[in-house]
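Enquirer: Submitted below is the structure of interest, expressed as structure tokens.
The values are calculated or read from the model by the stated rules, or taken from the named source; none is laboratory data. Quantities reported herein were computed from a predicted structural model and do not represent experimental measurements. Don't worry about glycine lacking a Cβ; one is built from the backbone with ideal geometry, like all the others, and counts go over all protein chains shown.
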Amino acid sequence: MSAGNLIRLGNTGLHVSRLCLGTMTFGSSADESESVAILDAATEAGVNFIDTANRYPSDAPDERKGLTEEIIGRWLKGRRERFILTTKAGGPMGPLPWNAGTSRKHLLGAIDASLARLGTDYVDLFQLHRDDHATPLDETLEAIDTIVRSGRARYVGVSNWEAWRIARALGRCEALRLVKPVTVQPRYNLLFRQCERDLFPMCEAENLATLCYNPLAGGLLTGKYLNGELPDAATRFGAGSTAAAYRQRYWHEKEFEAVGRIMKVAQSVGMPPERLAVAWLLAQRGVTCAVLGVSRASQLSQVLLAGDAKLDDQVLGQLEMITHEFRYGDAAPI
């Protein structure tokens, strides 16, 4: 298996590489030339699946949101048909109330703006970046149905939605005869395994593809912070609201302790920890793709090899023993 090994995307007719390229850093910690180098390196390894969002780069002020799509659009010119392209909408794009969320007004405007920035007349997958409880669910579902039926997106999916909301959305789509979501994009890694409890079983039952982001826990699973090294401003844990979110997620003693033990497993099998972490994710039941996000092309070399890594039962058992507590989060059974 390689980075370009293809897998069917849920119950669709699409086939995508199991490693998907995330682009949240494009236009921020990765300038345009480095972003192009990352895109080139991933393509050379066989990746055909590119994930972005209208509000990227992360932490950008309003006037710079959309820059990531513009960078990708310039790179895609003349080779659009070689790639499966997904973008997302729903996050804040400006100061007005309708500049965010999943209202009909916002989504129909967002898809048109994304297509203009990407330089294409369609995306393969259009995802709702976050749930919006302030908008009636039927309104949201009817809007994405309109987008697909108009040809502006081939398929739709959701990101960061809870299992019960996805199940309700699928039911409403069936009742209203609307186009149904076909993908779910959750956060998932060795240090955050809560979606194994209900999200993955629901996705498996409904044949929904899972595009798992944050496989390296913002870089913590590379082991680079274990010696007490403080993150610089360019890293996921460095500065800004995104860094604050990453610190809240992972910058805790039990996570550092687990990473230290994971590093020992990686050393015992002669595998860089980042490759081990992604290989573990791809070996998990219910995982369709891993979404890889980097700031430099050089960071891709080991994770792109994860598709070829075979972890035996002993290694998987060791990793399970180290990280099983992260399946429960704050709701660990007593």
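Enquirer: For the condition closer than 17 Å to PRO186 by Cβ and not in a loop (DSSP other than H, G, I, E, B), what is the one hit in LEU141, LEU170?
Expert: Within the list LEU141, LEU170, the selection yields LEU170.
Enquirer: Can you name every residue in region 143-172 that is closer than 14 Å to ASP132 by Cβ and not hydroxyl-bearing (Ser, Thr, Tyr)?
Expert: ALA143, ILE144, VAL158, ASN160, TRP161, GLU162, ARG165, ILE166, ARG168, ALA169
Enquirer: Now a separate question. Taking into account only those residues within region 173-205 that are basic (Lys, Arg) and in a loop (DSSP other than H, G, I, E, B), which is surrounded by the fewest Cβ atoms within 10 Å (Cβ to Cβ)?
Expert: Top of the filtered list is ARG177.
Enquirer: What are the residues in region 4-42 that are closer than 16 Å to ALA209 by Cα, charged (D, E, K, R) and either crowded, with 24+ Cβ neighbours inside 10 Å or over 14 Å from the mean Cα position of the chain (by Cα) (or both), if any?
Expert: ARG8
Yes/no matrix, rows are residues, columns are (1) buried (at least 20 other Cβ atoms within 10 Å of the Cβ); (2) among the β-branched types (Val, Ile, Thr); (3) assigned to a helix (DSSP H, G or I):
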position: THR68; (1), (2), (3): yes, yes, yes
position: THR87; (1), (2), (3): yes, yes, no
position: PRO92; (1), (2), (3): no, no, no
position: TRP98; (1), (2), (3): no, no, yes
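Enquirer: In addition: In region 282-293, is there at least one residue being farther than 23 Å from GLU196 by Cβ, at pLDDT 95 or above and either polar (S, T, N, Q) or touching a Phe, Trp or Tyr at 6+ places or on another chain (Cβ under 8 Å) (or both)?
Expert: No, region 282-293 contains no residue that is farther than 23 Å from GLU196 by Cβ, at pLDDT 95 or above and either polar (S, T, N, Q) or touching a Phe, Trp or Tyr at 6+ places or on another chain (Cβ under 8 Å) (or both).
Enquirer: I need every pair where a residue in region 234-262 that is modelled with pLDDT under 90 has its Cβ under 6 Å from the Cβ of a residue that is among the charged types (D, E, K, R) and in a helix (DSSP H, G or I), sequence separation at least 6 or different chains.
Expert: Every condition considered, the pairs that remain are PHE237/ARG247.
Enquirer: Now for a separate question. Does region 33-66 hold any residues that are part of a helix (DSSP H, G or I), over 13 Å from ALA3 (Cα atoms) and among the small types (Gly, Ala, Ser), and which are they?
Expert: Answer for region 33-66, where residues must be part of a helix (DSSP H, G or I), over 13 Å from ALA3 (Cα atoms) and among the small types (Gly, Ala, Ser): SER33, SER35, ALA37.
Let's see how each residue does on (1) in contact with a His (Cβ under 7 Å, 6 or more places away or on another chain); (2) at pLDDT below 95; (3) β-branched (Val, Ile, Thr):
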position	(1), (2), (3)
ILE7	yes, no, yes
THR12	no, no, yes
ARG18	no, no, no
LEU21	no, no, no
SER33	no, no, no
ILE72	no, no, yes
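Enquirer: I would also like to ask the following. Of everything in region 144-166, what is of a type outside the set (Asp, Glu), touching a residue at least 24 places away in the same chain (Cβ under 8 Å) and in a loop (DSSP other than H, G, I, E, B)? Give them in sequence order.
Expert: Matches in region 144-166: GLY151, ARG152, ASN160, TRP161.
Enquirer: Could you list, in sequence order, all residues of region 83-93 that are of a type outside the set (Gly, Ala, Ser) and in contact with a helix residue (DSSP H, G or I) (Cβ under 8 Å, 6 or more places away or on another chain)?
Expert: Residues satisfying the conditions are PHE83, LEU85, THR87, PRO92, MET93.
Enquirer: Output the residues belonging to region 302-321 that are in a helix (DSSP H, G or I) and in contact (Cβ under 8 Å) with a residue 60 or more places away in the chain.
Expert: VAL303, ALA306, GLY307, ASP308, LEU319
Enquirer: Let me ask something additional. Given VAL259, VAL278, which one is in contact with a Gly (Cβ under 9 Å, 6 or more places away or on another chain) and within 27 Å of ALA205 (Cβ to Cβ)?
Expert: Of the residues listed, the single one that is in contact with a Gly (Cβ under 9 Å, 6 or more places away or on another chain) and within 27 Å of ALA205 (Cβ to Cβ) is VAL278.
Condition check ((1) among the small types (Gly, Ala, Ser); (2) under 22 Å from the mean Cα position of the chain (by Cα); (3) over 24 Å from CYS20 (Cβ atoms)) across all residues:
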residue: ALA45; (1), (2), (3): yes, yes, no
residue: ALA53; (1), (2), (3): yes, yes, no
residue: LYS77; (1), (2), (3): no, no, no
residue: ILE84; (1), (2), (3): no, yes, no
residue: GLY91; (1), (2), (3): yes, yes, no
residue: TRP98; (1), (2), (3): no, no, yes
residue: SER103; (1), (2), (3): yes, no, yes
residue: GLY109; (1), (2), (3): yes, no, yes
residue: VAL123; (1), (2), (3): no, yes, no
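Enquirer: Answer yes or no: is there a residue in region 286-309 that is surrounded by 19 or more Cβ atoms within 10 Å (Cβ to Cβ), under 23 Å from ALA209 (Cβ atoms) and of a type in the set (S, T, N, Q).
Expert: Taking every residue of region 286-309 in turn, at least one turns out to be surrounded by 19 or more Cβ atoms within 10 Å (Cβ to Cβ), under 23 Å from ALA209 (Cβ atoms) and of a type in the set (S, T, N, Q).
Enquirer: Considering only residues that are of a type in the set (A, V, I, L, M, F, W, C), in a helix (DSSP H, G or I) and either surrounded by fewer than 24 Cβ atoms within 10 Å (Cβ to Cβ) or touching a Lys or Arg at 6+ places or on another chain (Cβ under 8 Å) (or both), which ones fall in region 105-128?
Expert: LEU108, ILE111, ALA113, LEU115, ALA116, listed by residue number.
Enquirer: When region 71-85 is examined, which residues are found to be buried (at least 17 other Cβ atoms within 10 Å of the Cβ) and free of Cβ contacts under 8 Å to residues at least 60 places away in the same chain?
Expert: If the condition is that a residue be buried (at least 17 other Cβ atoms within 10 Å of the Cβ) and free of Cβ contacts under 8 Å to residues at least 60 places away in the same chain, then ILE71, ILE72, GLY73, TRP75, LEU76, PHE83, LEU85 are the ones that fit.
Enquirer: With LEU221, LEU211, LEU226 as the choices, which residue is at pLDDT 95 or above, more than 22 Å from ALA60 (Cα to Cα), of a type in the set (A, V, I, L, M) and not in a helix (DSSP H, G or I)?
Expert: On inspection, the qualifying residue turns out to be LEU211.
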